[in-house]
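Asks: Submitted below is the structure of interest, expressed as structure tokens.
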Amino acid sequence: MAELKDAHIVEIPVDEEHQQQKLICAIQNHPLSEISNSPGHLLLLKLWQREEDLFGRRIAIKENRMNSIKSELFEICCFFVMFHGIFLTLLFTSSVNSTEEHTTCRKWWMPSIISAVGSAVFVVLVQMKSMMYWKVWSQLQRERNDNRAVSRCIQELRMKGSSFDLSKEPHSGKRMKSSSVEIKWKPVTFFSHYLITICLFCFSGLLFPASRFILCGGF
């Protein structure tokens with residue numbers, strides 16, 4: 001017990017200066033420090049960051065544009081339904097109140113033409129908006145691919161530092177498709193893109209003989 005009491009705790013001094021030097025060396029060897037010390041790499045990093053910011057703004061603008069086109073398509077479809085609802089209501093009312101049923105039946109083609117012309121206007125508007133929507137969609141996909149390519153290059157530059165190749169350029173990866181695959185999926189893509197237009201067109205075709213059915217009481 002006496003030997004334990006007489007024992008002393010020996011403190012080993014820590015070489016703080018040596019640790020500071022190691023820390024400074026680690027900071028100097030960090031890729032970001034290498035980039036800041038290299039004018040070419042620093043300029044490239046700033047250019048890519050600016051380009052990435054521009055891509056982000058363009059993507060936001062195109063997304064807002066697509067949402068706006070969706071709202072316009074919905075409004076056109078609502079007006080299409082309202083037009084035919086009012087048209088059929090007026091046609092049915094006129095057929096009920098008409099005293100000369102035979103004369104009214106002979107003129108069934110006149111309201112049918114009016115219905116067809118009104119439907120054609122709405123179908124054309126929907127087709128134009130649909131084409132505009134998918135055009136913006138394809139532009140948005142390209143912007144996103146380019147933005148991802150720039151982001152990957154920025155990340156690689158930050159990781160490699162001064163060892164990064166300055167001649168490297170962002171390349172968006174695009175999967176090549178064979179012509180047979182494109183031909184196979186082209187009709188499916190067309191129907192999926194213009195499904196609203198096709199539905200309105202078919203509905204308009206069904207409504208065309210409705211005037212004769214209402215005015216003549218059958219076919």
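The values are calculated or read from the model by the stated rules, or taken from the named source; none is laboratory data. If you're wondering where the values come from, they're calculated on a predicted model, not measured in any experiment. FYI the Cβ positions are ideal-geometry reconstructions off the backbone, even for glycines, and counts take in every protein chain you see. The area values use the complete protein model at the heavy-atom level, side chains included, leaving out ligands, DNA and RNA. Shrake-Rupley method; radii C 1.70, N 1.55, O 1.52, S 1.80 Å.
Asks: Output the number of the condition that Val117 fails; it satisfies all remaining conditions of (1) surrounded by 12 or more Cβ atoms within 10 Å (Cβ to Cβ); (2) modelled with pLDDT of 85 or more.
Replies: (1)
Asks: Do you know which residues across the stretch 132-163 are of a type in the set (A, V, I, L, M) and surrounded by 13 or more Cβ atoms within 10 Å (Cβ to Cβ)?
Replies: Across the stretch 132-163, the qualifying residues are Met132, Val136, Leu140, Ala149, Val150, Ile154, Leu157.
Asks: Continuing with this model, one more query. Which residue is least open to solvent (accessible area, probe 1.4 Å), if the candidates are limited to the stretch 195-219 and must be in contact with a helix residue (DSSP H, G or I) (Cβ under 6 Å, 6 or more places away or on another chain) and of a type in the set (Phe, Trp, Tyr)?
Replies: Phe208
Asks: Select from the stretch 52-62 the residues that are open to solvent by 70 Å² or more (accessible area, probe 1.4 Å) and touching a residue at least 40 places away in the same chain (Cβ under 8 Å) and list them in ascending order.
Replies: Arg58
Asks: Ok, one more. For the stretch 83-114, what are the residues that are modelled with pLDDT of 80 or more and in contact with a Gly (Cβ under 9 Å, 6 or more places away or on another chain)?
Replies: Correct list: Phe83, His84, Phe87.
Asks: Also: Report, by residue number, each residue of the stretch 47-78 that is under 20 Å from Ser119 (Cα atoms) and aromatic (Phe, Trp, Tyr).
Replies: Across the stretch 47-78, the qualifying residue is only Phe74.
Asks: Considering the stretch 164-194 alone, what residues qualify as being farther than 30 Å from Gln127 by Cβ, at pLDDT 75 or above and exposed (fewer than 11 other Cβ atoms within 10 Å of the Cβ)?
Replies: Passing the criteria: Ser167, Glu169.
Asks: All but one of (1) within 18 Å of the chain's Cα centre (by Cα); (2) closer than 29 Å to Leu207 by Cα hold for Ala149; which doesn't?
Replies: That leaves (2) as the condition not met.
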